[in-house]
Structures are given as structure tokens and as C-alpha cells.
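Reading through the C-alpha cells given below for one structure.
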Amino acid sequence: MTAILEVRDLHTQFDTLDGVVRAVDGVSFELAHGETLGIVGESGCGKSVTALSILRLIPTETGRIASGSIRFEGEELTALSEEAMKRLRGHRISMIFQEPMTSLNPVLTVGTQIAENVVRHRGVPWRAARDRACEMLDLVRIADPRRRLDEYPHQLSGGMRQRVMIAMALSCDPRVLIADEPTTALDVTIQAQILDLMLELKEKTGTAIVLITHDLGVVAETTQRVVVMYAGRKVEEAPVEVLFEEPLHPYTRGLMRAIPRLDIEADLAGTRPRLQEIPGLVPILTRPIVGCAFAPRCGFATDRCRAEPPPIVDAGAGHTVACWEVERVRAAA
């Protein structure tokens, strides 16, 4: 399958009082037409900054895309003017942000906010845009959509606000949808409904999805390929079945061990084994990282790991990993 989105050696940095934060440090990946790609990692690893970089939403007062390439349908986004990016955002590439209550305008009705996007990108009259907004609310299964058009975000539940965000993001039939932790603040029942809805709409529209999350269970159920990030870097990438069958980076293995397992039987005392936490702390991104960023926390680390950054190597079956000790990790598994 050909790629609709290509990110190559992306570096995004922020200026702070403590120095330059290298939030994204050389990340590369591709997204194929109609594919769902998961980007996973703990908080602060650069997932959201990668998404904001794709849409050129990095605040220019303190941040910048220092280098790298972002190509969408063959067009280099880093070279586009701000006006050209405004025409692209919400139209050909859309984004669902983490918290709908802070992403939706509290003083405008949800119908107005969806219709504004349609008017801007499709150039249709306001009445037609309102009809499109009603159609989208119905598509995301909001009951009585005509009445909901005139309600404000605070009048809706968390799950309904997230559905409004999805309706707004899909209102202009985007080619790529970036979903940044779309179910974070929702209970598990609503989470499942939102994820099912996104995948159903993807099948109907053919939209490719970048799903950013820290929930490996969500990744296992919804994605075709997975990128694992740590300290602003990509450390592993694989088809989802391959990654869960044989994680090759020690960090990915640590994430897997931290997943609660309901299939493990309790012992005679009725207790289950403790989840295995990853020891140590994430590196401070204002300081240069020498060698592998995960080396201080890794049980497989050698002197070479601490001195030389590992390259991304091909492990077969579409599986790539940045680790000097792949064979030891594989043998330990």
C-alpha cells in the first residue's frame, strides 16, 4: 500500500528557562491509505508533539520544527505557508484532541462549531452547513441531533462531547484523522463505544487514522501497525500482531509487563502477582542523551548502549527496532 503520510527524521524542540527541550528527536514513520497506525508510549515521550508537528500547531513563540520532512499526499507540509495550512487543517487532515471540554468553544453551540468548519472548507451556505452538522451528529449516534445543534458543550456528557469532536473532525471527509488520546477521560463502556464508532466511520469513509494512546489494550484491538516512542525517539515499529507476539525492545517488553492480566490465576492465598514496573526515571530532555535513551533503566544495557545511540534495524516481518542487544532480548523472551 502506498503512503498517504510520510514523516522523516522529525525534530521538534521547545525553548525553556532550563534549556532546549528535544521533544521529538528524529522520528520517522509512514501511514498507508485506509490504515490505522498506533503511536504508544508513556506520558512525555513525544506522541502529542508529533501529532501537533504534523499539523504545524507548535506554538512559534517557544517551539519549532527544527528539521525533518512531513509529506502528505506527496506535498511537503513544512514548506507550506500558514494560509495553506489553514486550508488543510480540519479539511484534508483533521485532529481529535485529548480533552473535548477544553477543545470546544464554551460560548458557541456545538452546531455552530461544526457548521463553521464546513462553511470554511466547503464554501457552502450556512443552512447547508447546519444540515451537514446535523447529519454528522446523527452519524456519530447522538440522539435527537437537530435539538443538540443548539446546545452548548457544558450541556453534554463527556462521551457526547467526544462524539461532537469526532463529528467536527469528520465533517469535511478528511483523508487523515489524528486521534490524540480520544478516550482518556471516558469510562470503559463509553471508551469502547467511541473506538467502535471511529473504526466504523473509517470503514465507511476510508479515512486513515493515527491513534495516539498509552493504552496497549486499545492498540491491540484497533490498529494494524504500532510505533513505540520513548524520550522523543522511535524505539520499535511492527504490525500489531508481531509486536504483541514478540516485542524486541526492552522498553516495549516493560510496557507489556505492566498490562493487567485477567487470565493469570491467583495463588492459593487469593493474590495475583504484582505488575512489573519499569525501574528508574525518564531522561531529562533538556540534556543531551548519549547512547540509548533507555539504557539507564534497561536490564540488557552494555557499555556500548550507554555510549552509542542504536540505529533502527530490520528484524524481519515488517518489524524494526532500535536496540544493540536484540538477540539477547529475543532469547530472553
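Details
- For L5, the criteria (1) touching a strand residue (DSSP E or B) at 6+ places or on another chain (Cβ under 6 Å); (2) open to solvent by 30 Å² or more (accessible area, probe 1.4 Å); (3) not basic (K, R) hold in every case but one, which is (2).
- Screening the range 213-328 for helices (runs of 4 or more DSSP H) wholly inside it with 3 or more residues that are closer than 30 Å to E203 by Cα and modelled with pLDDT of 95 or more returns the ranges 240-245.
- Every residue from the range 32-42 that is hydrophobic (A, V, I, L, M, F, W, C) and within 12 Å of the chain's Cα centre (by Cα): L37, I39, V40
- Residue within the range 117-132 that is open to solvent by 60 Å² or more (accessible area, probe 1.4 Å), touching a residue at least 12 places away in the same chain (Cβ under 8 Å) and out of contact with any strand residue (DSSP E or B) (no Cβ under 7 Å at 6 or more places or on another chain) present: yes
- Screening L139, L199, L216, L211 for residues that are in contact with a Leu (Cβ under 8 Å, 6 or more places away or on another chain), surrounded by fewer than 20 Cβ atoms within 10 Å (Cβ to Cβ) and hydrophobic (A, V, I, L, M, F, W, C) leaves exactly one candidate, L139.
- Among residues of the range 220-248 that are farther than 17 Å from I178 by Cβ and without any contact (Cβ under 8 Å) to a residue 12 or more places away in the chain, those with a Cβ under 9 angstrom from a residue that is aliphatic (A, V, I, L, M) and in a helix (DSSP H, G or I), sequence gap 6+ or separate chain, pair up as E241/A220.
- Subset of the range 310-332 [touching a helix residue (DSSP H, G or I) at 6+ places or on another chain (Cβ under 6 Å), open to solvent by less than 70 Å² (accessible area, probe 1.4 Å) and either under 14 Å from V242 (Cβ atoms) or of a type in the set (S, T, Y) (or both)]: H319
- Any hit, the range 13-36, residues being without any contact (Cβ under 8 Å) to a residue 40 or more places away in the chain, within 23 Å of T320 (Cα to Cα) and open to solvent by 50 Å² or more (accessible area, probe 1.4 Å): yes
- Restricting the range 142-166 to residues that are in contact with a Leu (Cβ under 6 Å, 6 or more places away or on another chain) and modelled with pLDDT under 90, the residue that is nearest to P106 (Cα to Cα): G158
The values are calculated or read from the model by the stated rules, or taken from the named source; none is laboratory data. This is a predicted model, so every value here is computed, not measured. Don't worry about glycine lacking a Cβ; one is built from the backbone with ideal geometry, like all the others, and counts go over all protein chains shown. Just so you know, the surface numbers come from the protein's heavy atoms only, side chains and all, with ligands and any DNA or RNA stripped out. Shrake-Rupley method; radii C 1.70, N 1.55, O 1.52, S 1.80 Å.
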